[in-house]
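The block underneath contains the structure these notes are about, expressed in structure tokens.
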């Protein structure tokens, strides 16, 4: 968990609370600037949280001297409900991995354990990030 988040994710207030090979948990507080006209989390905020939660499990690296990077090739999102709390939890996992391409899946819950959204992503390791 000592690796920094990308600046955009930090700006949105994402916090990695668990991160290990193939698994991540990210917490995020929905602030007024993250909401749509209906005063609920904007779909773009949810999409960005899913992008992080599906991608990070594939680039975990135990070494403090290495940073693995990847690009999102595809992201599929299912919006399933509205959050009843302003704090959200995203749980992501690595579902498959090859030499250059990997796949992840994630779900977002509110603090009442309501499922808000799910997503699946396809990612390509940046050159030099294919191996740990």
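Could you work out the relative contact order of the chain? I mean the mean sequence separation of Cα pairs under 8 Å and 6+ apart, divided by the number of residues, in percent. Over the chain, the number comes to 26 percent. What whole-number distance in Å separates the alpha-carbon centres of the stretch 79-132 and the stretch 53-70? A separation of 14 Å, based on Cα centres.
You can think of it this way: the chain between residue 76 and residue 36 has 12.3 nm of extra reach, that is 0.36 nm per residue less the Cα-Cα gap.
Largest GNM mean-square fluctuation among 109, 79, 60, using the chain with Cα springs under 10 Å: 79.
If R0 is taken as 30 Å, the Cβ-Cβ distance between residue 114 and residue 65 corresponds to a FRET efficiency of 0.15. In the chain, the DSSP-assigned H stretches of four residues or longer account for a calculated mean residue ellipticity at 222 nm of -4000 deg cm²/dmol, using -39500 (n - 2.57) per stretch and the full residue count as denominator.
On the principal axes of its alpha carbon atoms, the stretch 7-125 extends 43, 26, 22 Å, with the longest extent given first. Reported to two decimal places, what Rg/Rh ratio describes the stretch 45-102 when computed on Cα atoms with Rh from the Kirkwood expression? Rounded to two decimals, Rg over Rh is 1.02.
Under the criterion of Cα pairs below 8 Å and six or more residues apart, the relative contact order for the stretch 57-104 equals 40 percent. Among 61-68, 45-52, 83-90, sorting by the average number of other beta carbon atoms lying within 10 angstrom of each residue, highest first, gives 45-52, 83-90, 61-68.
Bear in mind these aren't lab numbers, they're just calculated from the coordinates by the rules spelled out. The structure presented is a predicted model; accordingly, all values stated were derived computationally and were not measured. Glycine gets a Cβ as well: all are built from the backbone with ideal geometry, and neighbour counts include every protein chain shown.
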